[in-house]
Amino acid sequence: MDRALKMVYYDDAKVERDIFAQLSLALRHFRGVGMPRDEVATRKILDQIHRQSRAFAAICYGFMRSKGIGVAEDLGEGDQWYREAAYWFREEALGGEGISANNLGYLYAKGLGVPENSETAAEWFEQAAENGSVSALYNLGVCYLNGWGVPQDDELAVDFLRRASDANDPSAASVLAYLYLEGRGVKRDPSKSFEYNLRAARAGSVEAASALGYALGVGLGAERNIAESISWFEMAANEGDTYAQANLAMYFCHSPDLKLFNRGWTMLMNACDQGDISAKYQMTQILIFGVAHREPDYAAALDLAMDLAELGHPGGYHLIGVMYEHGLGVPVDMSRAASWYERAARKGSSNGQAALGRLYAIGIGVDQDNIMAYYWLRMSAPSSNSQAYREMEAVRARMKDGDRKKADRYVNDNPAPRRGSFGLKSLEKDVFKTGKRSV
């Protein structure tokens, strides 16, 4: 897992803002990536950050020069401005400013204007935390989570992240949601994960809003609710989140309304042209399974799935497995299907894990093995009313007591592979009808 560290400033309403998240948003506005091109919105964001202090002004100039926003791209001059920012942050940090100490730590972590040094970064984060910086608590949590400049320690990471979340840091709540879903440093609890994502999304986290869209779409940690899923995806998509845009487009493509389908398909095409992996994954699903307004195209689907696989995308592995299992554009080959499902499963794909578990349960493509069937079905994190959950319970019911104990030991000794990309379940047929939700 690789969560971004935070450099922060306070806006006019004294609300803490992540500088580089805002700068990245400005860049997307400027280039028209994930949203319409809008130089006015770009300038508004840059001006907001620029006027905070000399250090923040230098950060803006450095970013603009490094990315070519409104000026000629010049990495050397960009680095010069970052050095200027580092100077002023250091002066303020030595005077006891917690935010400045945190920001200086960020520059050391990223090697912007100073030599990249994770240990020095962690030291400044610690000083910043002692001086009251909530963002520094978050950054320390991320450092311990990844072993950046400090020994890797999930439980200590959770402690710092909880302290930051309790101080209303939405990024910390978002990471805690991930940890509860994965069971890292805490006992796995999808409902707790949902609660933290909800807290983060309500505080303005775009990433958490996107995660809620997924969770509500499949019923992970909460009851499945397609209308609410669409609502959260729309919120994140409007902020330029490409994962949310791809999933929102997928919903539109499943609509019986031709106008909504065309809107969704255009969104997917544009996102694919920009190289967005989530959009490629969603388009591959449509090309395999078809929707009301588009027939399957197995040759195109296999090409896209192979592209995803070459990029190491677990969803690509899973979809290739689906094609071999069902003979969609390729000969039926259960051994190959099992092999692709295993690659997806070991990359953290819940769909791949469930598919592999089913093959172990019936002994097709692999040797029949109740313990491995139970393990992979359980790793897929099925909701209690899902098909995978019922299959998992059925496998456990037919085990002898000794095998159940072996299965439990195997689960404990082999933590779940980290989540990969997720695939939404299909829509209820009446979700777009009047009275359900208008989109």
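Charge tally around Met283: other residues with Cβ under 13 Å, Lys/Arg +1 each, Asp/Glu -1 each, net -3.
Each of (i) -0.32, -0.53, -0.67; (ii) -0.36, -0.59, -0.73; (iii) -0.40, -0.65, -0.80 is a candidate for log10 I(q)/I(0) by the Debye sum over Cα atoms at q = 0.07, 0.09, 0.10 Å⁻¹; the one calculated from this structure is (iii).
Sequence gap at least 6, Cα distance under 8 Å: using those rules, report the relative contact order of the chain to the nearest whole percent. Don't jump to the answer; show the numbers that get you there.
Details: 786 pairs, mean separation 33.1, N = 439.
Across the chain, relative contact order equals 8 percent.
At a probe radius of 1.4 angstrom, the accessible area of the chain per residue rounds to 46 square angstrom. Here the relative contact order of the stretch 248-287, from alpha carbon pairs under 8 Å that lie six or more residues apart, stands at 32 percent.
Using a probe radius of 1.4 angstrom, the carbon and sulfur fraction of the accessible surface of the stretch 250-300 is 53%. Normalising by the residue count of the stretch 265-341, find the relative contact order in percent from Cα pairs under 8 Å and 6+ residues apart. It rounds to 19 percent for the stretch 265-341.
What's the local net charge at Ala407, with K and R +1, D and E -1, over the other residues with C-beta under 12 Å away? Could you put the intermediate results ahead of the total?
Working: positive: Arg378, Arg396, Arg398, Lys400, Arg404, Lys405, Lys406, Arg409; negative: Asp369, Asp401, Asp403, Asp408, Asp413.
Local charge sum for Ala407: +3.
Tell me what the chain gives for mean residue ellipticity at 222 nm when only DSSP H runs of n ≥ 4 count, each as -39,500 (n - 2.57), the sum divided by the residue total, rounded to 500 deg cm²/dmol. Write out the running numbers ahead of the final one.
Values: 22 runs with 289 residues, N = 439.
It comes out at -21000 deg cm²/dmol, rounded to the nearest 500.
Show me 243-256, 265-278 ranked by packing, highest mean number of other Cβ atoms within 10 Å first.
Values: 243-256: 24.4, 265-278: 17.4.
Listed from highest to lowest mean packing, they are 243-256, 265-278.
Summary of the geometry: the stretch 336-381 and the stretch 167-242, compared by the centres of their Cα atoms, lie 26 Å apart. Each of Gly76, Trp265, Tyr87 was scored by the projection of its Cα onto the charge dipole of the chain, and the greatest displacement toward the positive side belongs to Trp265; charges sit on the C-beta of Lys, Arg, Asp and Glu.
Please sort 318-324, 161-167, 151-157 by packing, taking for each peptide the average over its residues of neighbouring beta carbons within 10 angstrom, highest first.
Values: 318-324: 26.4, 161-167: 20.4, 151-157: 14.6.
Result, highest mean Cβ count within 10 Å first: 318-324, 161-167, 151-157.
Going down the table (Lys280/Lys347; Lys187/Lys406; Lys6/Lys280; Lys6/Lys110; Lys187/Lys405; Lys6/Lys192), which pairs top 22 Å between alpha carbons? Please list the in-between numbers first.
Details: Lys280/Lys347 18 Å; Lys187/Lys406 20 Å; Lys6/Lys280 29 Å; Lys6/Lys110 11 Å; Lys187/Lys405 19 Å; Lys6/Lys192 24 Å.
In this structure, Lys6/Lys280; Lys6/Lys192 lie more than 22 Å apart at Cα.
Dipole magnitude of the stretch 114-246 about its Cα centre, charges +1 at Lys/Arg Cβ and -1 at Asp/Glu Cβ only, in debye to the nearest 20?
480
The values are calculated or read from the model by the stated rules, or taken from the named source; none is laboratory data. Owing to the predicted nature of the structure, the values given are computational and were not obtained by experimental measurement. Glycine gets a Cβ as well: all are built from the backbone with ideal geometry, and neighbour counts include every protein chain shown. Keep in mind that these areas ignore ligands, DNA and RNA; they rest on the heavy atoms of the full protein, side chains included. Shrake-Rupley method; radii C 1.70, N 1.55, O 1.52, S 1.80 Å.
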